Amino acid sequence: MAILWEAGTQGLEVQPGAPGCVVLLAYFPAGPALEQQLDQALAVIPTARIEAVSVPEVDWVAQVRQGFRPARVGCFLIAAPWHLPLSREAGETLLLVEPGRAFGTGTHESTRLCLRFLQEIAAHGRPRWTLDVGTGSGILAIAAALLCAHPVVAVDNDPDAIEGARHQARLNQVDIRLLLGDGARALAASAFDLVLANLSAPLLLERRDELARPLAAGGALVLAGFLAADLAEVQAAFASLGPGRSRTDGEWAALLVRKAA
Ligand code: SAH
């Protein structure tokens, strides 16, 4: 595997082979000298055999769109514009998404965990200012704007995500302040009643102070994007901020921390 990564593979899959064998599926951009180059690189493993298989060009965005179905997450009915009209139950909030390239169609466990926490928080008093760090498709920021009808600021360091989120906000007819930037560094201290951060365990741990700083006393911090196996570590890192409560969905976990007054 190390040799294949060094040779520039774009992805690797390990599959069981015949007894005593393993099949490594390594993806490469097609090139004239590829097989010869790999033959040379793998010469150190005399038993390795290379077989070239061509992979058809796939339009992943189209494929995701085709497989996308309306889904209910708590009080949210998540659907694409082409699913409309849809019948809604009382109290249900329609959240429109156009699955594109940015993360956040609402199908991932980490996004769903955040949406559930958001619903719960809003039920006890709608946050006046919400910050969404790592907004991706903008789904959490849009959900907060729909549910709370108060200002929402959303940050991402990926310009494509910002562009996508702008489009999705328009689709939902909500106004979100979108910022292209790194984490929460640029934001005013104690300015937000709710901070949402669906990132990753290492990033949440590294950015602990940065995520806590914009939060007002008594405000809620929702952390997600990590596995249940990492919950204890994330919980311990944020324990000094205030009392916390966790949720899990499959292998994934999320944590809600209230900043002590
Ligand atoms: N909030 C969405 C998307 C989460 S995916 C949801 O809940 O579904 C995480 C997003 O964080 C990605 O869009 C990624 O570009 C962004 N991100 C990662 N590191 C970041 C950083 N340092 N600063 C800002 N955004 C970041």
Review point. Using a simple spin-label model with points 7 Å from Cα along the Cα→Cβ vector, what separation in nm is obtained for ALA217 and ALA188?
Key: 1.8
Check your understanding: Regarding the chain, what are the three Cα extents along the principal axes, ordered largest first, in Å?
Key -> 66, 47, 34
Review point. What does the helix-only formula give at 222 nm for the chain: each DSSP H stretch with n ≥ 4 adding -39500 (n - 2.57), the total divided by the residues, and the result rounded to the nearest 500 deg cm²/dmol?
Key: -8500 deg cm²/dmol
Check your understanding: Assuming R0 = 51 Å, what is the FRET efficiency of ARG128 and GLN10, from their Cβ-Cβ distance, to the nearest 0.05?
Key -> 0.70
Exercise for review: Grab the Cα-Cα distance for ASP59 and GLN173, subtract it from 0.36 nm times how many residues apart they are, and report the gain in nm with one decimal.
Suggested key: 38.2 nm
Practice item. Considering the options ILE162, ALA216, LEU256, tell which one lies farthest towards the positive end of the dipole of region 142-261, charges being +1 on Lys and Arg and -1 on Asp and Glu at the Cβ, about the Cα centre. Key: ALA216
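Counting pairs of alpha carbon atoms under 8 Å apart in space and at least six apart in sequence, what relative contact order in percent does the chain give?
Values: 484 pairs, mean separation 32.6, N = 261.
Relative CO of the chain lands at 12 percent.
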Practice item. Report, in degrees rounded to the nearest 10, the 0 to 90 angle that the Cα long axis of helix 139-148 makes with the longest principal axis of the chain. Key: 10
Point to revise | Share of carbon and sulfur in the accessible heavy-atom surface of region 125-216 [1.4 Å probe, %] | key: 50
Practice item. Would you mind pulling out the separation of the Cα centroids of region 131-188 and region 232-255, in Å? Key: 23
Point to revise | Cα-based helix-to-principal-axis angle, 109-123 vs the chain, degrees rounded to 10 | key: 0
Review point. For region 1-42, what log10 I(q)/I(0) values come out of the Debye formula at q = 0.18, 0.24, 0.33, 0.34 1/Å, with one point per alpha carbon and no solvent?
Key: -0.54, -0.87, -1.17, -1.19
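Compute the Cα gyration tensor for region 122-199, then decide on rounded, prolate or oblate, letting a ≥ b ≥ c be the square roots of its eigenvalues: rounded whenever a/c is under 1.5, prolate when a/b is larger than b/c in the other cases, and oblate in all that remain. Numbers along the way, then the final one.
On the way: a/c = 1.97, a/b = 1.14, b/c = 1.73.
Oblate, since a/c reaches 1.5 and b/c is not below a/b.
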**Study point:** Sparsely packed trypsin sites (Lys or Arg not before Pro) within region 176-261, loop by DSSP, other Cβ within 10 Å at most 13
**Key:** ARG185
Review point. Taking springs between alpha-carbon atoms closer than 10 angstrom, which of ALA239, ALA43, ALA161 fluctuates most in the Gaussian network model of the chain?
Key: ALA43
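Using a probe radius of 1.4 Å on heavy atoms only, what accessible surface per residue do you get for region 1-118? Whole Å² is fine. Could you put the intermediate results ahead of the total?
Numbers: 7870 Å² over 118 residues.
With all protein chains present, region 1-118 gives 67 Å² per residue.
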Exercise for review: Please work out the ratio of the alpha-carbon Rg of region 92-138 to 2.2 N^0.38 Å and round it to two decimals.
Suggested key: 1.22
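The values are calculated or read from the model by the stated rules, or taken from the named source; none is laboratory data. All values derive from a computational prediction rather than experimental measurement. For neighbour counting, all protein chains shown are included, and Cβ atoms are generated from backbone atoms with ideal geometry for every residue, glycine included. Quick note on the areas: whole protein, heavy atoms, side chains included, nothing else; ligands and nucleic acids left out. Shrake-Rupley method; radii C 1.70, N 1.55, O 1.52, S 1.80 Å.
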